[in-house]
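Visitor: One structure coming up, written as structure tokens, with questions to follow.
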Amino acid sequence: PTQTTATGDRKGGACPDVNIPLTALTPAYKKDNKNFLWGKTLDERPTFWVYVPYSLTDKRPGELRLQETKANRDKVLTTVVTVTGTSPGVIGVRLPVGKTLKPNEINFWQFVVRCDPDDASSNQFVSSTVTVVQPITSLAKQLKQA
């Protein structure tokens, strides 16, 4: 992905226009004059950070979706966490217990605000990638000592 701000249809639905859009808070880097979003983490159960300009409710939930590679190598986008009961602002969504990312695999994730549960075209979403990396030996020792 090359952007951190929301995409999707802004017509209708239950998500009003806002000054600061839904935004993924993820590292960006430049390559060949293009910006790319690509997080790296040591944590197999990372927290995904997003600025959400709307209150998330039962009628307008947020969803963390993760693209997973199945045994037959098909990629499937699944909802792993549904978020409600938040005010506008920065939220962190951690993978649930028992759900982990595999090291050295590219994991595509989306955070979706379901603006109108009956009209998926009104959804707002942001996306990025994250990879679990192994720390270099000296960092691993420092982390263990800490």
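The values are calculated or read from the model by the stated rules, or taken from the named source; none is laboratory data. What you see is a predicted model; the values in this text were computed from it and never measured. When we count neighbours, we look across all protein chains shown, and the Cβ atoms used for this are built from the backbone with ideal geometry, even at glycine. Ligands, DNA and RNA are stripped out before the accessible areas are found, and what is left, the full protein with its side chains, is counted by its heavy atoms. Shrake-Rupley method; radii C 1.70, N 1.55, O 1.52, S 1.80 Å.
Visitor: Under the rule a/c < 1.5 gives rounded, and otherwise a/b versus b/c splits prolate from oblate, where does the range 21-95 land using the Cα gyration tensor?
Guide: oblate
Visitor: I've got another one for you. Of VAL126, VAL97, VAL113, which is the most mobile in a GNM of the chain whose springs link Cα atoms less than 10 angstrom apart?
Guide: It is VAL97.
Visitor: Sticking with this one: Over 28 Å between Cα atoms: which of LYS31/LYS102; LYS30/LYS59; LYS75/LYS144; LYS34/LYS59; LYS30/LYS102; LYS34/LYS141 fall into that group?
Guide: In this structure, LYS30/LYS59; LYS75/LYS144; LYS34/LYS59; LYS34/LYS141 exceed 28 Å between Cα atoms.
Visitor: Also: Within the chain, what whole-number % of the accessible surface is contributed by carbon and sulfur, with the 1.4 Å probe and all protein chains included in the calculation?
Guide: Result for the chain: 50 percent of the exposed heavy-atom area is carbon or sulfur.
Visitor: A further question follows. Net charge around ARG45, counting only other residues with Cβ within less than 14 Å of its Cβ (Lys, Arg = +1; Asp, Glu = -1)?
Guide: Surrounding charge for ARG45 is +1.
Visitor: Of VAL52, GLY62, PRO135, whose Cα points farthest to the positive end of the dipole of the chain (charges on the beta-carbon: +1 Lys, Arg; -1 Asp, Glu; origin at the Cα centre)?
Guide: PRO135
Visitor: To continue, here is another question. Suppose a student asked you for the relative contact order of the range 19-146, using Cα pairs under 8 Å spaced at least 6 residues apart; what percent would you report?
Guide: 29
Visitor: Take the eigenvalues of the Cα gyration tensor for the chain, scale each by 5, and report the square roots as semi-axes in whole Å, largest first.
Guide: Semi-axis lengths for the chain are 29, 17, 16 Å.
Visitor: Follow-up. In Å², what does the accessible area per residue of the chain work out to with a 1.4 Å probe?
Guide: I get 60 Å² per residue for this part.
Visitor: So the label point goes 7 Å from the Cα of THR86 along Cα→C-beta, right? Which residues of the range 97-122 then have their backbone N under 13 Å from it?
Guide: Backbone N within reach: 110-114.
Visitor: State the Kirkwood hydrodynamic radius of the range 60-139 in Å, one decimal place, computed from all pairs of distinct Cα atoms.
Guide: 14.4
Visitor: Could I ask something else about it? For LYS34 and LEU139, what does the FRET efficiency come to when R0 = 25 Å and r is the distance between their Cβ atoms, rounded to the nearest 0.05?
Guide: The formula returns an efficiency of 0.30 here.
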